[in-house]
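Asks: Following this message is one structure expressed as structure tokens.
No value in this document is a laboratory result; all are computed from the given coordinates. Note that the structure is predicted; figures quoted are calculated from it, not measured. Every residue, glycine as well, gets a Cβ built from its backbone with ideal geometry; the counts of neighbours run over all protein chains shown.
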Amino acid sequence: MTHQRLRFDDFVADVRARELRKAGALVRLQDQPFQILAMLLEHPGDVVTRDELRVRLWPEGTFVDFEHSLNAAIKRLRVALGDSADHPRFVETLHRRGYRFIARVEAGEPVSASGGHGSAVQRGPDGPRHTTLSDRRPRLVVLPFTNLSDIEDEYFTDGLTEDLIAKIGRQCAGRIGVLARTSAWQFRDVSRTVSDISEALRVDYLVEGSVRREGDRVRVTATLIETEGETQLWAQSYDRRLEDCLAVEADVASQIAHALTAELLPPAASRPPGTHPAAYQAFLRGRYHWNAPGDEGLDEAVRYYDQAIQLDPEFGKAYSARARAGVARCEYYLAEPLAVLDNVRRDATRALELDAGDSEAHVALAEVHRMLNWDWSSAEASYRAALDVNPNSESTHRYYALFLAARGRSEALRIVDRGWMLDPLCLTNNTAAASVRFYVGDYESAIERCRITLDIDPAYGPARRRMASALAELGRYREAIDEYSLISPLRLDPVSRAWMGHALAAAGNPTAAREMAISLERAVDGRPTPPFHLAMLYAGLNDRDRAFQELDRACAARDPWLDTLDAEPRFRNIKDDARYAPLLDHLRLSRPRSAVTAAVPS
């Protein structure tokens, strides 16, 4: 059977079969984005209004957030085409009116509808990437289990779900991609069909379930569903005493792993090492606070991890969780690295003594090597060890990619995008992908990644801050300063203010930049300005003495950002200073000039 097709650039759209191909390879495109593409191709060069799209996609009687849904569908179409809203090659936006297809469209040659299905396209943040079907690993998401008990038991249900994600990730490592928590949590308490979730996350399988706790008993129900056919493959319920909840997790993870990869994976151990029930409760409460946005729950998380370790000194996961929380407190400038990183090292080391396969402990140890010791080879070895034991850890990919980008290593992009694929709706992951692109000098791509993040959460300060920094590097200072101004006053922390001061200086407003620096010399809302970022502001002002003074303070304090110094373009004003090269030597950051040039374009 043959169908008439429409050709543009390297793409061919078969409207009747609803297939899009690029260079013969099938591009995965959901139904609504394809319908939009078909309408645009029917009227190339003409405006297709938003109202016309609404009538076609959401006929009368359909209740939907039209503006958000249409914008999301257009964005997915652009990702599939590798197109950009700012510099469109195919789909042009006409503000408040609609869209226009601007590329040349031709009638394509008819082809067999059943032919050419030997390859597929995996869509990443930078557009399609061709791969054979046999190369694509199945993807699975564990949805947040439903809490059927009292609201105060929410922490228990959340903890059970997270442990299940981790266990499946470890048991299926290298064979199945298990999405991380953040993307899964977007569907918490939201009524969505299996096909909706599959389309949003591009997963082949999903796990859903519920938890009911009554007294010292717990009942866990879990179901495994294949998304394409919306077919239930496996389901099971477990009634256990509360002290056996770890065994419940192990059993569920083992059953799911067996259902997916029965011939590839050995059966999991029927029961992990015993843990004091009250210690596990404290650990779950700590994990609940750890998952609060930003730095909100860190201190509470540490308090509960302390309690778990006091109750059970052999509880390895509590040690690694406390180590990660200590690292995060340094990253958010809630604690001085010199004051806490030795404790982080002890916790991570103890966790690895109890379980050499604890990936979080390896990551925490890598961060100690990076921040405290400036021991880059040991840091990289620990990142790699973390990925070896859990290739499905999105946070390890993020940390490792940023580490590599700071050293001008080209594999940083591949690794950060792998982390993005594991958790595509995570604000932190998306912002990290933008930061890696910023450090390698691809400012346009950094801006686009930030826009994707801000579409998910317009109030997410780190993404807006990163986008502003990329806009400034492109000389778009007015836009950059506007972006800083859009950050909520509650989120305009000292780091953001220092970055804004640098943009003001670069824009030719040294008076305003100097006023910002003076204000930052005092604590902002009780929080002192980290010296690395204050040094950046003074570098923008070309005040070299103050910049190096602050960098010396950053070295003494072990500022978490120090290792990005040579990859950071905003220090360009001081890089020809006689004090700069010795500082790099002190930090052990010196590398061949060609690598520096590749990482930091002038």
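Asks: Collect residues whose amide H, placed 1.01 Å from N in the peptide plane, falls under 5 Å from the amide H of residue 90; neighbours closer than 5 in sequence don't count.
Replies: HN-HN under 5 Å from residue 90: 84.
Asks: To continue, here is another question. Rounded to the nearest 0.05, what FRET efficiency do residue 240 and residue 188 have when you use their Cβ-Cβ distance and R0 = 25 Å? Walk me through the numbers before you get to the answer.
Replies: Numbers: r = 24 Å, r/R0 = 0.96.
About 0.55, to the nearest 0.05.
Asks: Would you please put 15-25, 92-102 in order of how densely packed they are, using the mean number of other Cβ atoms within 10 angstrom per residue and starting with the highest?
Replies: The peptides rank, most packed first, as 15-25, 92-102.
Asks: Can you tell me the length gained on complete extension of the stretch residue 195 to residue 549, counting 0.36 nm per residue apart and subtracting the Cα distance?
Replies: Extra length available between residue 195 and residue 549 comes to 121.8 nm.
Asks: Amide H to amide H under 5 Å from residue 236: which residues, 5+ apart in sequence or cross-chain, H placed 1.01 Å off N in plane?
Replies: 222
Asks: State, to one decimal in nm, how far the label point of residue 414 lies from the label point of residue 356, with both points 7 Å from Cα in the Cβ direction.
Replies: 2.8 nm
Asks: Modelling each spin label as a point 7 Å along the Cα-to-Cβ direction, I'd like the residue 575/residue 455 distance in nm, to one decimal.
Replies: About 3.3 nm, to one decimal.
Asks: Percent relative contact order of the range 392-490, based on C-alpha pairs within less than 8 angstrom and at least six residues apart?
Replies: Once normalised by length, the contact order is 20 percent.
Asks: What is the fewest-to-most order of 481, 518 by other Cβ atoms lying within 10 Å of their Cβ?
Replies: Neighbour counts put them in this order, fewest first: 518, 481.
Asks: Which of the peptides 387-400, 207-220 is most tightly packed, and how do the rest follow, going by the mean number of other Cβ atoms within 10 Å of each residue?
Replies: 387-400, 207-220
Asks: Calculate how large, on average over all directions, the projected area of the Cα convex hull of the range 425-554 is; give the answer in nm² to one decimal.
Replies: Dividing the Cα hull surface by four gives the mean projection, 7.6 nm².
Asks: Just subtract the alpha-carbon distance of residue 509 and residue 588 from 0.36 nm times their residue separation and send over the number in nm, one decimal.
Replies: Length gained, residue 509 through residue 588: 25.0 nm.
Asks: Can you tell me the Rg and the Dmax, both Å, for the Cα atoms in the range 266-381?
Replies: So, for the range 266-381, Rg and Dmax equal 14.2, 44 Å respectively.
Asks: log10 I(q)/I(0), Debye, Cα-only the range 351-431, no solvent, q = 0.16, 0.21 Å⁻¹?
Replies: Taken in order of the listed q values, log10 I(q)/I(0) reads -0.56, -0.93.
Asks: Amide H to amide H, which residues 5 or more places from residue 98 or on other chains are under 5 Å from it, using H placed in the peptide plane?
Replies: 50
Asks: I need the peptides 330-340, 41-51, 72-82 ranked by packing, meaning the mean over residues of other C-beta atoms within 10 angstrom, with the highest value on top.
Replies: 72-82, 330-340, 41-51
Asks: Net charge within 15 Å of residue 542 by Cβ-Cβ distance, Lys/Arg positive one each and Asp/Glu negative one each, not counting residue 542 itself?
Replies: Charge balance in the 15 Å sphere: +2.
Asks: Viscosity 1.567 mPa s, temperature 4 °C: what is the translational diffusion coefficient of the range 392-490 from Stokes-Einstein with a Kirkwood Rh over Cα pairs, rounded to a whole number of µm²/s?
Replies: Result for D is 98 µm²/s.
Asks: Now, a different point. What list of ³J(HN,Hα) values in whole Hz, one per residue of the range 38-44 in order, does the Karplus curve 6.51 cos²θ - 1.76 cosθ + 1.60 (θ = phi - 60°) give from phi, with Gly and Pro shown as x?
Replies: 4, 5, 5, 5, 5, 9, x
Asks: Between residue 18 and residue 69, how many nm apart are label points set 7 Å from Cα along the C-beta direction?
Replies: Reported label-point gap for residue 18 and residue 69 is 1.5 nm.
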